[in-house]
Amino acid sequence: AQSVSQHNHHVILSEAASLELGCNYSYGGTVNLFWYVQYPGQHLQLLLKYFSGDPLVKGIKGFEAEFIKSKFSFNLRKPSVQWSDTAEYFCAVTKTGGGNKLTFGTGTQLKVEL
Amino acid sequence: NAGVTQTPKFQVLKTGQSMTLQCAQDMNHNSMYWYRQDPGMGLRLIYYSASEGTTDKGEVPNGYNVSRLNKREFSLRLESAAPSQTSVYFCASSEDRLGASTQYFGPGTRLTVL
């Protein structure tokens, strides 16, 4: 069965610091990759997704992620975080041809301090 | 467009009681999903419906039943609630069952079973 690992469970940054959240998946076939964000008290929203083409994808609010197939990774980055980025971030994957069943990582809680 | 709506927002049950969580979407999506979110475990798929009239088990289906009432509505039923079912439940929908199809999430139902 496929799985998704997010190694950073809690991250604390100061405003303007750069962010990189790790995500690795275990599945040898073709996958579709997603980053979702959950702001405090709100539902999950899609930040960005990759399914084919340019491995560097850009999402909303200045976030980007790079798919590195050889490393089974899809790390999320942002050059300069803001206090409003405080949220929980989830990496998720679906298998191409396997239906649209998302497998989520355990999430990374990001706190941005002023 | 309300997107994906869920009722109720909060619920407290006693062990052995039953209840139905309701979900509706107004985006004319074909596929719908139920997830549960537990601390440190991310979101896990309970059941999904690839299209109207079909349902299938996800990763953690035990103790739950679902009904795809029509294209808009997908309900989750707990026949005999157990404390292990204390969780936050999210409904989601997507245009189709293809793996790159974005899932849109509802606001969640926070359920406590005493």
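Readers should treat all values here as calculations from the given coordinates under stated rules, not as data from a laboratory. Keep in mind that what you see is a predicted model, and the values were worked out from it rather than measured. Glycine gets a Cβ as well: all are built from the backbone with ideal geometry, and neighbour counts include every protein chain shown.
Results, tabulated for the structure shown:
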quantity: Enumeration of residues in the range B:103-114 that are part of a loop (DSSP other than H, G, I, E, B) and buried (at least 16 other Cβ atoms within 10 Å of the Cβ); calculated: B:103, B:106, B:107, B:108
quantity: Those strands (runs of 3 or more DSSP E) lying entirely in the range B:3-102 with at least 3 residues surrounded by 20 or more Cβ atoms within 10 Å (Cβ to Cβ) and either within 14 Å of another protein chain (Cβ to nearest Cβ) or touching a helix residue (DSSP H, G or I) at 6+ places or on another chain (Cβ under 6 Å) (or both); calculated: B:31-38, B:42-49, B:87-94
quantity: Some residue of the range B:104-114 being in contact with a helix residue (DSSP H, G or I) (Cβ under 6 Å, 6 or more places away or on another chain), more than 7 Å from chain A (Cβ to nearest Cβ) and touching a residue at least 60 places away in the same chain (Cβ under 8 Å); calculated: yes
quantity: Long-range neighbours under 9 Å by Cβ, at least six apart or interchain, first residue in contact (Cβ under 8 Å) with a residue 40 or more places away in the chain and over 15 Å from residue B:16 (Cα atoms) within the range B:59-86, second assigned to a loop (DSSP other than H, G, I, E, B) and among the charged types (D, E, K, R); calculated: B:71/B:52; B:72/B:26
quantity: Cβ-Cβ under 7 Å pairs, at least 6 apart or on other chains, the range A:31-44 side more than 15 Å from residue A:108 (Cβ to Cβ), far side small (Gly, Ala, Ser); calculated: A:32/B:99; A:32/B:100; A:43/B:106; A:43/B:108
